[in-house]
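Peer 1: Below is one structure. I have some questions about it.
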Amino acid sequence: MTDTQYLLQTIESLLNVPKQGEHDPYRPVWHFAPRVGLLNDPNGLSFYNGEYHLFYQWNPLECEHGAKAWGLATSTDMIHWQHKPLALAPTEEYEVSGCYSGSAIEVDGKLELFYTGNVKYPQGGRTAYQCRAQLSESGEVNKLGPVMDLPAGYSGHVRDPKVWRHGDDYYMVLGAEDLQKRGVVILYRSRDLTTWQKCGDIYGTDINGKQDNNFMLECPDLFPLDGKDVLITCPKTWIDIDGKATETFDVEVTIGALDYQQADYQVESTCLLDYGFDFYAPQTFEDADGRRLLFGWMGKPDEYEPYQPTKAFGWIHQMTCPRRLTISNNEVLQQPAEELATMRRNHLSGHCLSTSLAGLSAELLLQDINGATSTITIADDLVLEVTPSGVTTKRKNLKTGLWQQKTWPGKATSLQLLRDSSCVEVFINRGRAVMTSRMFGKASGVKHDCGFRFESDKPMSYQHWTLEG
Ligand code: FRU
């Protein structure tokens, strides 16, 4: 397919999108979502040319996975987004099965884009090329083609380049499956962004004593933060759930130290980056103020994905809010980016055992939980339960209608909940843990009757705002 044919198909899909707006109860008020089609990973996150750039994995042609393109939206505050023309379409032979995930770095006034050209062979099997493209200040994208073929020693699953600068060199991490079916992160170095030399496998199964059954690590992201080198990965493995082999979609964050010369990454600690139902493939970037910011895909390609009701409105999935990362007491904290506070309206506060607070798009702050047992109802298919030993999100499964639960095991002292039409992000203890989930129950989707309701065995102080997007 040529670029023109792809664009014509995209326009057709946009023109035929089912009616949205008032009739779509799930469309976020302020989270980023595609107008049509399927959105997954954030890509190429950057602050360039005076604006935040949010590229994303996008299938504009249908609400299914497939040969992905890169969509693009820009913003000055990470709340109000402007949709931009398609950035990358999978039209060349080296990317025919998708312009897969990647990253961006500004060099000499241009935004350098690195992504994976995914090629699936008709007879089975696949290969991957790491490709380069450039976005100019005038908004034109120029594809420069592959800078790396599939390296020896790995299966066709080598992807998701994250590029950064350290000293005089550029570095890239790739997620990979090796020929022994072990998930690893590979480190590369380059002087000129064109010729890349492999430094080594720095992280994964059987490296520096790490033992696990991961067969692949997706979307690695390695960056300096408060004197440490933080590595985020999406390990893929199979676990048994009720006798059924089930693929995991977890995200792990590791604090450690990278020896760039020896290509050795020493791990200090690892934990889950999110404890909710819908969080995958996040990416970080440093903005003009030196903040380390993260967006994640608020979704997962699991067996329940086809049941999401937004498909009837022509779109599926959305991004998380922008989150600022810091390290404190050797833990990575995630907090809503400061800009989000500008959406606050209609402040209410109180101290009570139970209350109901209306707002489709709203924020609830509970600051003195210490030992209370409470239930926070967010929609009729999503409830948060807080006990002295943990925070549990309970949600009704879209396919089976059965309640499922996810727990963060720890003592909550404070909770900050950000709610939008069909999602909630729960920041526990000022960002020590986060639980991110979509919800589609009645109370979440009906504008005049939704919000937070909490009931507690000890009085709690709350603050509440509606959020104007
Ligand atoms: C993660 C992922 C990436 C890949 C992209 C394809 O969700 O599988 O590894 O590049 O999605 O859309």
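Please treat every number below as a calculation from the coordinates, not as lab data. This one's a predicted model, so the numbers in the text were calculated from it and none came from an experiment. Cβ sites come from the backbone with ideal geometry, for glycine too, and all protein chains shown count toward neighbours.
Peer 1: Cα gyration tensor of the stretch 207-335, axes a ≥ b ≥ c as square roots of the eigenvalues: rounded (a/c below 1.5), prolate (a/b > b/c) or oblate?
Peer 2: Cα axes put the stretch 207-335 in the oblate bin.
Peer 1: Moving on to the next point. Please compute the length gained on full extension between residue 411 and residue 338, using 0.36 nm multiplied by the number of residues separating them and subtracting their Cα-Cα distance.
Peer 2: 23.8 nm
Peer 1: How big is the chain along each principal axis, measuring the range of its Cα positions in Å and listing the largest first?
Peer 2: Cα extents, longest axis first: 63, 53, 49 Å.
Peer 1: Which net charge results when you count Lys and Arg as +1 and Asp and Glu as -1 among the other residues whose beta-carbon is under 14 Å from that of residue 352?
Peer 2: Surrounding charge for residue 352 is -1.
Peer 1: Now for a different question. Treat the count of other C-beta atoms within 10 Å as a stand-in for reagent exposure and order 241, 255 from fewest to most.
Peer 2: Lowest to highest Cβ neighbour count: 241, 255.
Peer 1: Using only alpha carbon pairs under 8 Å that are at least six residues apart, calculate the relative contact order of the stretch 59-216 and give it in whole percent.
Peer 2: Relative contact order here is 13 percent.
Peer 1: Could the peptides 302-309, 128-135, 458-465 be put in order, highest first, of the mean number of other beta-carbon atoms found within 10 Å of their residues?
Peer 2: 128-135, 458-465, 302-309
Peer 1: Which order do 97, 422 fall in if you start with the one that has the fewest other Cβ atoms within 10 Å?
Peer 2: Taking fewest neighbouring Cβ atoms as first place, the list is 97, 422.
Peer 1: Ok, one more. For residue 455 and residue 252 in the same chain, what is the full-extension length gain: residue separation times 0.36 nm, less their Cα-Cα distance, in nm?
Peer 2: Net length gain for the segment: 69.8 nm.
Peer 1: Where the Cα atoms of the stretch 339-467 are projected onto their three principal axes, how long is each span, largest first, in whole Å?
Peer 2: Extents along the principal axes: 37, 33, 28 Å.
Peer 1: Next question, about the same structure. Taking the Cα-to-Cβ direction at residue 349 and at residue 5 and moving 7 Å from each Cα, how far apart do the two end points lie in nm?
Peer 2: Each label point lies 7 Å from its Cα, and together they span 6.2 nm.
Peer 1: Ranked highest first by the average count of other Cβ atoms within 10 Å around their residues, in what order do 289-297, 344-352, 189-197, 110-118 fall?
Peer 2: For the peptides 289-297, 344-352, 189-197, 110-118, the packing ranking is 110-118, 289-297, 189-197, 344-352.
Peer 1: When a footprinting reagent is the concern and you count Cβ atoms within 10 Å, what order do 14, 150 take, fewest first?
Peer 2: Ascending Cβ contact count within 10 Å gives the list 14, 150.
Peer 1: Take the Cα coordinates of the stretch 30-75, assign each an equal point scatterer, and use the Debye formula without solvent to give log10 I(q)/I(0) at q = 0.20, 0.26, 0.30, 0.31 Å⁻¹.
Peer 2: -0.61, -0.90, -1.08, -1.12
Peer 1: Quick one: net charge around residue 134, please, counting Lys, Arg +1 and Asp, Glu -1 for every other residue with C-beta under 13 Å from its C-beta.
Peer 2: -2
Peer 1: Do the sum for the chain: with -39,500 (n - 2.57) for every DSSP H run of n ≥ 4, divided by all residues, what is the mean residue ellipticity at 222 nm, to the nearest 500 deg cm²/dmol?
Peer 2: -1000 deg cm²/dmol
Peer 1: Shifting gears a bit: Remind me, relative contact order of the chain in percent, using alpha carbon pairs under 8 angstrom and six or more residues apart?
Peer 2: Result for the chain is 13 percent.
Peer 1: If we count every other residue with Cβ under 13 angstrom of residue 239's Cβ, Lys/Arg +1 and Asp/Glu -1, where does the sum land?
Peer 2: Charge balance near residue 239 sits at -4.
Peer 1: Cα to Cα, under 14 Å, and not fewer than 8 places away if on the same chain: which aspartates and glutamates meet these conditions relative to residue 411?
Peer 2: Partners found: 368, 385.
Peer 1: Right, here's the next one. In whole angstrom, how far apart do the alpha carbon centroids of the stretch 217-288 and the stretch 137-154 sit?
Peer 2: Between the Cα centre of the stretch 217-288 and that of the stretch 137-154, the gap is 24 Å.
Peer 1: Multiply the residue gap between residue 23 and residue 271 by 0.36 nm, knock off their C-alpha separation, and tell me the result in nm, one decimal place.
Peer 2: Contour length minus the Cα-Cα distance gives 85.3 nm.
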